[in-house]
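These notes concern the structure reproduced below.
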């Protein structure tokens, strides 16, 4: 069950511990992996698969850790989302399914746009921070 952050001091404490709270930490923790996903589109499928798998694992773990650190609402949902997105990447990269370049572009769009939609929906509904 979620316990909502209710006081200004709680919000200040959460903001201070939020990795997404500054451009520097956001850029390091999520910006670089997103850049790796974009750059991976220009590489061969093997390198793309490796880069995307590492980037998604990194972002998923960072979201889950950030949700634990500060209670950032969307991180509770984007963390698992990024980790689940590893499966279609591996399926395509290992040749289990054949998707071609347009399929890879679609997966990239789902990753980037999906996380933004999750962010917007969850924080619009439940606020920026929540604690369990």
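Taking neighbour counts of Cβ atoms within 10 Å as a proxy for exposure, in what order, fewest first, do 49, 25 appear? Write out the running numbers ahead of the final one.
Working: 49 21, 25 15.
Fewest to most other Cβ atoms nearby, the residues stand as 25, 49.
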Checklist outcome for this item: Checking 89, 117, 29 against a Gaussian network model of the chain (alpha-carbon springs below 10 Å), the top fluctuating residue turns out to be 117
Checklist entry - If each residue's Cβ is checked for other Cβ atoms within 10 Å, how do 116, 128 rank with the fewest at the top? => result 116, 128
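When the helix-only estimate is applied to the chain (DSSP H runs of n ≥ 4, each -39,500 (n - 2.57), divided by the residue count), what is the mean residue ellipticity at 222 nm, nearest 500 deg cm²/dmol? Display every interim value, and only then the final one.
On the way: 7 runs with 94 residues, N = 132.
The helix-only estimate for the chain comes to -22500 deg cm²/dmol at 222 nm.
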Next on the checklist: I'm checking a number: the convex hull volume of the Cα atoms of the range 31-132, normalised per residue, in Å³. What is it?
Outcome noted: 85 Å³
Checklist outcome for this item: Of 101, 65, 56, the most mobile residue in a GNM of the chain (C-alpha springs, cutoff 10 Å) is 101
Checklist outcome for this item: Put in order of increasing Cβ neighbours within 10 Å, starting from the fewest, 70, 75 give 70, 75
Checklist entry - At q = 0.13, 0.23, 0.25, 0.27 Å⁻¹, what log₁₀ I(q)/I(0) does a Debye calculation on the Cα points of the range 41-93 give, no solvent, two decimals? => result -0.34, -0.75, -0.83, -0.90
Next on the checklist: What is the angle, in °, between the Cα long axis of helix 8-17 and the longest principal axis of the Cα atoms in the chain? Nearest 10 is fine, range 0 to 90.
Outcome noted: 30 degrees
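Here, each number is a calculation from the coordinates, and none is a lab measurement. Note that the coordinates shown come from a computational prediction; the quantities given were computed from them, not determined experimentally. Cβ sites come from the backbone with ideal geometry, for glycine too, and all protein chains shown count toward neighbours.
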